[in-house]
Amino acid sequence: MQKNLEQILNTILHSSEILEEEMKQESNLNKLTARQLYCIELIKEMRNPSLSELAEKMNIARASISVMIERLEKNNFIYKVASDNDRRSSHVHLTEEGEKAASLHTEMHKRISELLTEEMTESEKEILIVLLNKSAKSLAKYRKRT
């Protein structure tokens with residue numbers, strides 16, 4: 001039986017959340033929330049952003065990012081370094097533990113992607129990539145409006 005788009009998205013999102021949670025439990029990431037993992041991923045991607053840059057990219061308030069950074073620092077995933085240009089601001093760096101967490105999280109997403117597409121041909125995967133890029137662009141536009 002063919003499912004509609006909402007049912008398919010619900011199944012994919014729910015299944016990937018369960019898979020990610022199971023994979024987290026098998027690693028040292030089980031103490032991190034999804035938002036904290038995303039933050040660690042962004043720090044690696046952005047190459048040591050300031051707190052303001054990170055808050056803007058995550059679309060959360062500066063106060064909220066400060067609390068999250070404090071927790072990540074307390075758990076030895078990140079450390080802060082005062083900015084050379086402006087001593088009032090600081091940049092966030094990953095510790096060795098943070099680098100491991102970022103790599104494990106990337107591997108988790110890779111594994112989920114492999115599972116999601118294992119029954120697809122290469123041309124079907126290419127089509128899926130094009131369509132998902134369009135969807136991601138639409139979501140990014142929506143996020144900028146809110």
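Coordinate-derived values only; no laboratory data. A quick note: this is a predicted structure, and the numbers were derived from the prediction, not measured. Cβ: placed from backbone, ideal geometry, glycine included. Neighbour counts: every protein chain shown.
Counting only C-alpha contacts under 8 Å and six or more residues apart, can you give the relative contact order of the chain as a whole percent?
After rounding, I find 22 percent.
Computed FRET efficiency, Cβ-Cβ of S16 and D86, R0 30 Å: what is it to the nearest 0.05?
0.15
Mind ordering 16-28, 68-80 by average Cβ neighbours within 10 Å, highest first?
Per-residue Cβ counts within 10 Å, averaged per peptide and sorted highest first, yield 68-80, 16-28.
Viscosity 1.306 mPa s, temperature 10 °C: what is the translational diffusion coefficient of the range 18-146 from Stokes-Einstein with a Kirkwood Rh over Cα pairs, rounded to a whole number of µm²/s?
97
At a Förster radius of 35 Å, what calculated FRET efficiency corresponds to the Cβ-Cβ distance of V67 and E122, to the nearest 0.05?
For R0 = 35 Å, the calculated efficiency reads 0.20.
With 24 Å as the limit, write out which pairs from K100/K134; K57/K110; K110/K134; K80/K134 have Cα-Cα distances beyond it, or answer none.
Flagged as over cut-off: K100/K134; K80/K134.
Most fluctuating residue of L115, L128, L37 in a GNM of the chain with Cα springs under 10 Å: which is it?
L128
Once you have the alpha carbon radius of gyration of the range 95-146, what is it after dividing by 2.2 N^0.38 Å, with N set to its residue count?
Relative to the 2.2 N^0.38 Å estimate, the range 95-146 comes out at 1.52.
Say R0 is 22 Å: what FRET efficiency, to the nearest 0.05, do S135 and I60 get from their beta-carbon distance?
Once the sixth-power term is evaluated, E becomes 0.45.
Grab the eigenvalues of the alpha-carbon gyration tensor for the range 1-66, scale each by 5, take roots, and send me the semi-axes largest first in whole angstrom.
Sorted largest first and rounded, they come to 29, 17, 10 Å.
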